[in-house]
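Written below as structure tokens is the structure these notes are about.
Values quoted throughout were computed directly from the atomic coordinates according to the rules given, and no laboratory measurement underlies them. Keep in mind the model is a prediction, meaning the values are calculated, not measured. Here the Cβ is made from the backbone with ideal geometry for all residues, glycine too, and neighbour counts use every protein chain on show.
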Amino acid sequence: MGPVGAPSARGRSRWPSIGRMTAMTSLLPAAVLLVAAAVLPPPHPASAAAPAAEDAPASYVVMLKDTTSRAPTRALAAEAARAGDAVGAVYDAALNGFAVRTTAARAAALAADPRVASVEPDAPFRISGSAPAPEPPAGFPQPPAVPVSVPAPTPAPVLTPAPAPVPVPAPAPVPVPAPVPAPVLTPAPDPVPVPAVPAVPVPVPAPVLTPAPAPAPAALTQRPAPWALDRIDQRELPLDGSYTYSGNKGQGVTVYVVDTGINTLHQEFGGRARNGYNGYNGLFQGGAQDCNGHGTHVAATIGGATYGVAKGVSLVGVKVADCRGDGSLSVILRGLDWMVKDHLRNPARGPAVANMSMGGTRSHSMDAAVIRAVAYGITFTVAAGNEARDACAGSPAAVPQALTVGATDDADRRPRFSNHGRCVDISAPGQSVVSAWKGSPTALARASGTSMAAPHVAGAAALLLADGRAGTPAEVGRLLVLDAVPDRITNLPAGTPNLLLHVPAAP
């Protein structure tokens with residue numbers, strides 16, 4: 001994944017021109033990942049009845065070649081089940097494939113099937129950030145019950161109802177004498193005048209004037225503001241203690257938080273958050289609610305009333321990690337599959353953004369799922385990772401169609417943990433970030449990691465979509481890169497785009 005907005009190692013920008021979307025099939029790896037059974041020496045007679053360790057069942061993800069039909073996926077999954085494999089979830093939205101528990105020999109047989117693109121182990125994935133025990137951080141007040149955003153006053157037009165018209169009586173008609181008949185032998189009597197009845201005017205009611213609603217303010221200002229929000233609305237240091245942002249607040253945009261769930265009862269959300277998918281229903285997993293804290297922190301950074309970039313978005317939790325922050329490839333793919341279906345089922349909700357502050361080793365199926373989600377119109381932001389290594393070594397950070405985000409601190413330095421390299425598109429605050437937490441409606445925590453940086457970009461993407469300044473993921477990426485502050489980040493390894501997130505106050 002090359003840098004954005006600047007020449008990459010491949011000699012061109014990562015982002016296609018506005019309105020163009022790279023076809024998924026041209027970006028997926030063509031090679032098939034083969035899982036071969038080890039060749040073992042003949043077993044000792046005493047252990048001949050015991051299966052070799054290499055034949056013990058393990059979990060895999062099978063991805064089929066891209067096709068518009070679901071039939072090949074279902075057919076192969078049925079064949080695997082008849083062969084004795086334990087078939088798990090079947091994916092048909094974010095990718096074509098299924099999870100399976102089988103032996104290495106059977107995995108190799110599946111990989112050799114001409115319908116299959118890859119077979120890979122069900123690898124672990126983990127959240128890309130850490131947080132201490134939740135407590136109100138020093139130096140910033142508890143969030144008030146009412147957001148501290150103060151709109152610039154825009155007086156509504158004062159409309160004075162027009163006075164009722166004064167009735168004007170019509171003049172009495174002048175009597176017109178009857179025509180004189182032709183003379184006859186007997187003279188006709190004089191005509192008797194008939195008095196006219198004056199016309200009664202019909203009163204016209206005064207129009208009912210409804211005052212026009214006040215136009216939405218172009219910008220809102222929050223004061224005081226956490227340092228991370230304070231930093232992204234200005235191009236230069238020092239901080240000024242406030243955060244000014246677009247008056248639409250991201251309303252009409254849905255943001256999927258692919259994480260540990262959301263503490264939906266937290267006062268930061270004001271009823272705008274729900275948990276849509278739960279991949280962990282087991283004992284001690286807290287149900288769909290967040291039992292780790294990480295997902296709540298991320299969600300409130302995206303759209304919290306006090307700590308959020310886009311304070312009016314709708315937030316949907318996609319729980320794919322457990323109480324320890326651990327997940328697996330197969331569970332995350334189930335969550336992404338649900339997310340794509342939910343987005344396609346509800347087009348009236350408007351634009352969508354997905355944030356995934358998790359990562360793992362390179363995975364063909366993970367990358368394919370993110371690519372397809374973007375092709376369906378979901379802007380995707382992902383954490384670069386916290387291993388202080390090349391971000392291109394992990395998924396989904398290496399996906400070119402996603403916005404991969406590195407971290408900065410309050411002095412515009414790259415923290416030592418943040419991954420780097422050409423696959424990082426943009427950087428955002430990710431050191432000592434205060435946000436909501438699990439456990440109560442007022443819980444807070446201070447956390448660090450690229451997990452905290454990515455949701456700042458997700459919120460900025462939501463503001464652009466709500467403003468109408470961008471309509472596709474490619475347009476969102478281009479605009480964020482074009483408006484980013486260049487050459488401010490220090491301690492940045494060579495080859496990493498030096499671009500710091502900037503959120504313009506108004507369209």
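In this label model, Asn346 and Asp410 are separated by 3.7 nm, measuring between points 7 Å along each Cα→Cβ vector. Each peptide in 471-479, 248-256 was scored by the mean count of other Cβ atoms within 10 Å over its residues; highest first, the order is 248-256, 471-479. Cross-link reach is defined here as a Cα-Cα straight distance under 19 Å, omitting same-chain residues fewer than 8 places apart; for Lys341 the aspartates and glutamates meeting it are Asp66, Asp92, Asp259, Asp367.
For the pair Asp240 and Thr490, what calculated FRET efficiency results from E = 1/(1 + (r/R0)^6), where r is the Cβ-Cβ distance and R0 = 22 Å, to the nearest 0.05? That gives a FRET efficiency of 0.55.
Each of Ile426, Ile489 has some number of other Cβ atoms within 10 Å of its Cβ, and from fewest to most they run Ile489, Ile426. Answer rounded, prolate or oblate for region 363-507, using the Cα gyration tensor with square roots of eigenvalues a ≥ b ≥ c: rounded when a/c is under 1.5, else prolate when a/b is larger than b/c, else oblate. Taking the square roots of the gyration eigenvalues as a ≥ b ≥ c, region 363-507 is rounded.
Our note on the geometry: Cα centres of region 438-507 and region 218-251, 13 Å apart. The residues Val340, Val90, when put in order of fewest to most other Cβ atoms within 10 Å, stand as Val90, Val340. Under the combined filter of DSSP loop state and at most 14 neighbouring Cβ atoms within 10 Å, region 287-375 retains these trypsin sites (Lys or Arg not before Pro): Arg324.
Ordering Asp367, Asp425 by the number of other Cβ atoms within 10 Å of each residue's own Cβ, fewest first, gives Asp367, Asp425.
Amide H to amide H, with H built 1.01 Å from N, Ile262 comes under 5 Å of Asp290, counting only residues 5 or more places away or on other chains. Peptide packing: for 395-406, 429-440, 105-116, the average count of neighbouring Cβ atoms within 10 Å per residue gives the ranking 395-406, 429-440, 105-116, highest mean first. Inter-label distance, Ala505 to Cys323: 4.7 nm, where each label sits 7 Å from its Cα along the C-beta direction. The gain in end-to-end length when the Ala105 to Asn281 segment is fully stretched comes to 60.2 nm, 0.36 nm per residue minus the alpha carbon separation.
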